[in-house]
Each structure stands twice: as C-alpha cells, then as structure tokens.
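Input: a single structure, listed below in structure tokens.
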Amino acid sequence: MTNADVAALFDRLADLLEYEGENAFRVRAYRAAARTIADQIESLEAIRAGATRSLTDLEGIGRDLAAKIETILDTGRLPLLEELLGRVPADVFDLLRIPGLGPKKVRQLVDVLGIDSLDALEEACRGERVRGVKGFGEKTEASILKNIAFVRGTAAQRQLWDDADQVVADVLAWMRGCPAVERIEAAGSWRRGCETVGDIDLVAVATDAAAVMEHFRRWDHTTDVIASGGTKSSIRGPRGMQIDLRVVVSAAFGAAWLYFTGSKEHNIRVRSRAREHGWSLNEYGYQPVDPSAAAQPPTAETEAEVYHALGLTWIPPELREGRDELALAAEARLPRLIEECDIRGDLHMHTTDTDGEDTLTDMVRGARERGLEYIAITDHSQRVSMARGLDETRLLRQWDRIDQLNETLAAEGPAPIVVLKGIEVDMLERGGLDLPDHVLARADWVVASLHYGQSQPRERITERILEAIRHPAVRVIGHPTGRLINRRPAYDVDIEAVIAAAALSGTFLEINAHPSRLDLDDHHAAAARRAGVRMVISTDAHSVRGLGVMRCGVLQARRAGLTSIDVVNALGWNDFRNLLGQRST
Ligand SMILES: [Zn+2]
Ligand SMILES: [Zn+2]
C-alpha cells in the first residue's frame, strides 16, 4: 500500500460519509487525513516502524485514525468503508465523479428522482426533471448534461503522469534489485511525458528471463498476475495500474524500447520510413523487406542506431507523437528542448496567508534549497474568499514582510535568492480585476487568473481574459484554460484570440506545472510559441513539497517543443530583472 492508496481510501470514506449525511466535522477530519497522508514523503509503513516519530505525530491523525491506518497497512482493507459500500448503490461513485456534483447533491438526486446511474441521470436531465429538484435549476441541469459527457469521455482509469511516475520509480527500483536483470527501462506514455498514463511498459535485458519474471510477480505491490510467460508478464500493481514487462535480447534493445515507447503514430511513420530504405522494423530490430537480399540489416542495440539507420537524429520521447518530428530529425533541426536544470525562478506560489500550507519564510527556504535564483509570492486576491484571499491591506502587509525578508537575505552576502512581491489576482465575473490599479501597479509580478464564472459563454470568458492581457500591470495569465485533468473540462475560451492578444501586448502565458492542470497543454503551448508568445512554467505550489512539480511543467513544455529561449523563468536573475523593466506596449 502506497501513501496515495491509503489516502484514496480515506477520500472515498469521506465521500460516502458525506453522502450519508454524516456530520461535517467527521467528514472534514477524514479529508484532512487523506491530504496529510498524501503529502508525506516517508511511507506510512516507515513512519509506523520508525523510532523517531509515530503515526499520531502526523497532523490531524489521532489514535482512532492511526488505528485505521494500521488496519489498512496490515490487511489492505478499511472495514468501515466496506460497511458503507454495502449500503450505497454501486453507481454512486460514477455520479460523484461528475464535476460540480458533490455527495450532498448526488444524495438529493438519488432520493428525489431515484437516480442510480449515469444513464438514469442523463435521461432525467434530457427529460428536464432535474431542474425541478430543490437547489437545481435549468443551468445546473445543462451543466450536468455536459459534464456527464466529460466523465464518459475521460478514461478515468488513466493516472496522472506524476502518480504513474511514482509507480514507475517503485517498480524499477524493485526490478533493479534482481541479479538476473542487466538493464531495465520504462517505456510507453510515461516515457513520452503524457499528461495521463494508462498501462506501464517495461523493457529488460536479462541473463535469465525466467528469474526476472519470477522476481516481477513476487513484487510486494503486485495485486494480481494477469499474464505470465517466459519473456512477457503482466501484473496489476499500485493504483490498479497494469504493468507489462518484456525481456528482449540485448542486440534488439533499442528497437524494443523505441517500439514500446510509441506513440503508435510515431511508430507507423518510422516503420514506413524504414520500408523506404528496404527494411522492415519491429520490436526485434531490422529485417530486409526482401528476404533474398544479402545486405546485413542495421544494428538496433540503441535507439540512436535505429534512428541513424534511417538518416534521422535521435528523437526525444516527448516529441514522438507523429507530428513533424521525423521531418525535423531528417534535417537535424529538432529543437534543443528545455530541461529542468534550465529553470532559474518560480513565479507562482501560495503561502499560509491564503490557502497555502507553508509560511512565506518556509516557501523561500524551500525555493532556495532547490537552487532557485528568484521566486514570486502570488497569493490569492480577495474574491477567492474560500482561500481567505488578500485585500489591499493584507496584501500590502505581506509585501512589507517580503521587503524585510529581502533585506535580511541581502545582508547574508551576495543575494542568494530574490523574492518578488506578487499576487494572483482574479479576473472578476463582471470583468475587471479584483484589486485596484494603484495596488497592482506596485507589484513586481502580477498573475491574472480566472477562478469564478467558469460556465459563462465563450465570448464573455474570452473578453475577461483579453481584458486582463491588455492590463498594463498583468505579466502572465495563470492556468489559461482552467481545465483539471480527469476532473473538470476547460472553460469555453477562444484560445487563439488569447494567444494573438498575448503576442501583441507581450503578456506571458503560463504552463501551470501542477500535475492535474498542465495548462497550457502541449498543443496550445506550441501554438503560442509559433505566435511568438513567451511562456512561464510555474508550480503554483501550495506547500514546499509542491515546488517539486516543476518537472511536470517542464515535460509539458518539452512536449510542446519549447526551448529555454521560449521560457521566461529560464532567464538568470539579471536578465529576468531587465525583462521586468520592459514591456512592448
Ligand atoms: Zn489559480
Ligand atoms: Zn495559484
């Protein structure tokens, strides 16, 4: 059981208790516990066994919760959850996945209309029966209908890249402990840095394939052996993910790794290029198309060999989507993709002054430990009342503290990190920004984001964003489409108009690195690059730990073909400071 697995059980429990009308305090306690658990870097197992701290030392984990965690660790089960599951219709979980429908509203629909499935809910919406339920209306009904389609459309079993990455790291660590493994690598959509990952594919070279397969099946986290053969096995592992392992011969490793990395479209193009050269290519390497031909097929031990044989430079996995990568590789014109080590600053983060979990000082220390040269503190503005957004007075007080902090830092010697006075200001539903111009004008860095009125019509949403882009104080548009992967679709926005306006005014667009945002996505970021818009990759961290998601944003930028030139926070502090001083309009 990983921490994420345990957290998911508590989240489920909270959902069901809320659905059952349990008191809000108890529900909140389970949700808080889930969050605490998911945030622990150390495994619960290690904390329980550790000499230094015990489970009850974790914030919000009392004796009762600690006992439940122990039961889960020992048995993999949570009896209270199973009891609730026995009482609740099985399809309630499908209904709970609909964005905007919480457990309470789902309960109402079940009680009043007898709805027990997505199909039944869809029918009730089409029959205009939902709008008659207290607390629902015509608009809610229409948005439920739209969101049912979204829930059906998202392959909910696909995991966020960052979550899949943890599984990949764990399984690779386990497999590399097997003496019979000479080399093992992960492939598939994980390696291409896709936003979500379905199955995990592993490719290995071994001295003894049977021993490797045996070791794989014996992994602690294997919950099910789906298929088991001499050179190929499939198991089900953490998060219910299927993991496929293939053992190949060393001479074909490059061909196999390339083949199982995909994408399908990329592979089709590579194969057809191989045929033009007289070779057929698959996971076993090159063979002559004409079997009577005497020519020796090219070697395929490394991916580079496979590409070079076709007159191509090696193609980074993030670009293997069957777009223009082969043409660029043929002319050795592939971009030098940005890397995480190119990133010098982080320009979107929150503190305990609003909905962050760590204080200003902690965030600065965390950023410094990551080696960043500069950061911007961008807490929420007042409209975000749920997060205790800052009004003018509280914001100015925070900025005073930042001034003092910078002085202290500067006194320690050559400035180790610069803290910018920023704000994530809301674009209001009625238009305009959530803080007066004279305040925004004093900020070092303004992120403008849209959090409310997301269901407004396209023209309205687009106009709100264009207005912010044209505002002289706004430097960057935060998470420009608002989508949450697997949870909420993007709001309806004319992204081409946004890109064109940003190009015109020199406003930057964000690639929000949070694993469930990754917004702009790769297509939009590539379009922005073509239009001459520069981007900012930001973590939007709500804790010191949250600063670690930068790599996810960098992956998305790489998928978009971005170089360090396209990314503003790849500038060193001196260049970035100069950039802050200028603006094209
Ligand atoms: Zn935001
Ligand atoms: Zn934010």
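The values are calculated or read from the model by the stated rules, or taken from the named source; none is laboratory data. The model shown is predicted, which means the values in this text are computed figures rather than measured ones. Cβ coordinates were reconstructed from backbone atoms using ideal geometry, including for glycine residues, and neighbour counts include every protein chain displayed. Surface areas here come from the heavy atoms of the whole protein model, side chains and all, with no ligands, DNA or RNA. Shrake-Rupley method; radii C 1.70, N 1.55, O 1.52, S 1.80 Å.
Using every pair of distinct Cα positions in region 340-580, the Kirkwood expression returns a hydrodynamic radius of 17.6 angstrom. Shape verdict for region 159-247, please, from the Cα gyration tensor: rounded (a/c under 1.5), prolate (a/b greater than b/c) or oblate. Since a/c reaches 1.5 and a/b is larger than b/c, the shape of region 159-247 is classed as prolate. Ordering V92, L118, S143 by the projection of their Cα atoms onto the charge dipole of region 92-156, which places +1 on the Cβ of Lys and Arg and -1 on the Cβ of Asp and Glu, puts S143 at the extreme positive end.
For the chain, the residue among V225, I338, A169 whose Cα projects farthest onto the positive side of the dipole built from Cβ charges is I338.
What FRET efficiency would be calculated for the residue pair E20, H277, taking the C-beta separation as r and a Förster radius of 56 Å, to the nearest 0.05? Can you show the working numbers first?
On the way: r = 65 Å, r/R0 = 1.16.
My answer for the efficiency is 0.30.
Average projection, convex hull of the Cα set of region 259-330: 4.4 square nanometres. Pairs exceeding a 20 Å alpha-carbon distance, out of K68/K104; K104/K139; K104/K134: K68/K104. Scaled to the globular estimate 2.2 N^0.38 Å, the Cα spread of region 329-423, given as radius of gyration, is 1.35. Distance from the Cα centre of region 21-42 to that of region 315-358, in angstrom? First find each Cα centre; the distance between them is then 33 Å. Across region 416-421, rounded Karplus estimates of 3J(HN,Hα) from the backbone phi angles (6.51 cos²θ - 1.76 cosθ + 1.60, θ = phi - 60°) give x, 7, 10, 9, 8, 7 Hz, Gly and Pro being marked x. The separation of region 189-218 from region 404-428, counted between C-alpha centres, amounts to 44 Å. Counting only aspartates and glutamates at least 8 places from K232 when in the same chain, those with an alpha carbon closer than 14 Å to its own are D201, D208, E214, D244, E283.
Tell me, rounded to the nearest percent, the portion of alpha carbon pairs in the chain spaced more than 48 Å apart.
Above the 48 Å cut-off, the chain has 18 percent of its Cα pairs.
Kindly work out what percent of the DSSP beta bridges joining two residues of region 124-263 are antiparallel, to the nearest 5.
Around 75 percent antiparallel, to the nearest 5.
The GluC sites (Glu not before Pro) of region 48-151 that meet both conditions, a loop assignment by DSSP and at most 11 other Cβ atoms within 10 Å of the site Cβ, are E59, E128. Beta bridges assigned by DSSP with both partners in the chain are antiparallel in approximately 45 percent of cases. Expressed as a fraction of 2.2 N^0.38 Å, the value expected for a compact globular protein of N residues, the C-alpha radius of gyration of region 483-563 is 1.07.
Determine the dipole magnitude for region 72-215: charges of +1 sit on the beta-carbon of Lys and Arg, -1 on that of Asp and Glu, nothing else is charged, the reference point is the Cα centre, and the result goes in debye to the nearest 20.
780 debye
If the Kirkwood radius is taken over C-alpha pairs of region 65-135, then at 25 °C and 0.890 mPa s the Stokes-Einstein diffusion coefficient equals 177 µm²/s. Applying a DSSP loop filter and a limit of 10 other Cβ atoms within 10 Å to the GluC sites (Glu not before Pro) in region 1-42 leaves nothing.
Any idea how far the Cα center of region 468-543 sits from the one of region 279-307, in Å? Region 468-543 and region 279-307 have Cα centres separated by 43 Å. Taking every C-alpha pair closer than 8 Å and separated by at least 6 residues, the mean separation divided by the residue count of the chain gives a relative contact order of 9 percent.
When the Cα positions of G561, A24, A501 are compared along the charge dipole of the chain, A501 comes out farthest toward the positive end, with charges on each C-beta of Lys, Arg, Asp and Glu. The smallest convex shape that holds all Cα atoms of region 377-424, its convex hull, gives 58 Å³ per residue.
Principal axis extents of the C-alpha atoms in region 3-153 (largest first, rounded to whole Å): 61, 27, 25.
Ordered by solvent-accessible area of protein heavy atoms (1.4 Å probe), largest first, the residues H221, H277 come out as H277, H221. Summing Cβ point charges (Lys, Arg +1; Asp, Glu -1) relative to the Cα centre of the chain gives a dipole of roughly 700 debye.
Return the calculated 222 nm mean residue ellipticity for the chain, to the nearest 500 deg cm²/dmol, obtained by summing -39500 (n - 2.57) across DSSP H runs with n ≥ 4 and dividing by the residue count.
That comes out to -12500 deg cm²/dmol.
Considering only the Cα atoms of region 404-520, their convex hull presents on average a projected area of 8.6 nm².
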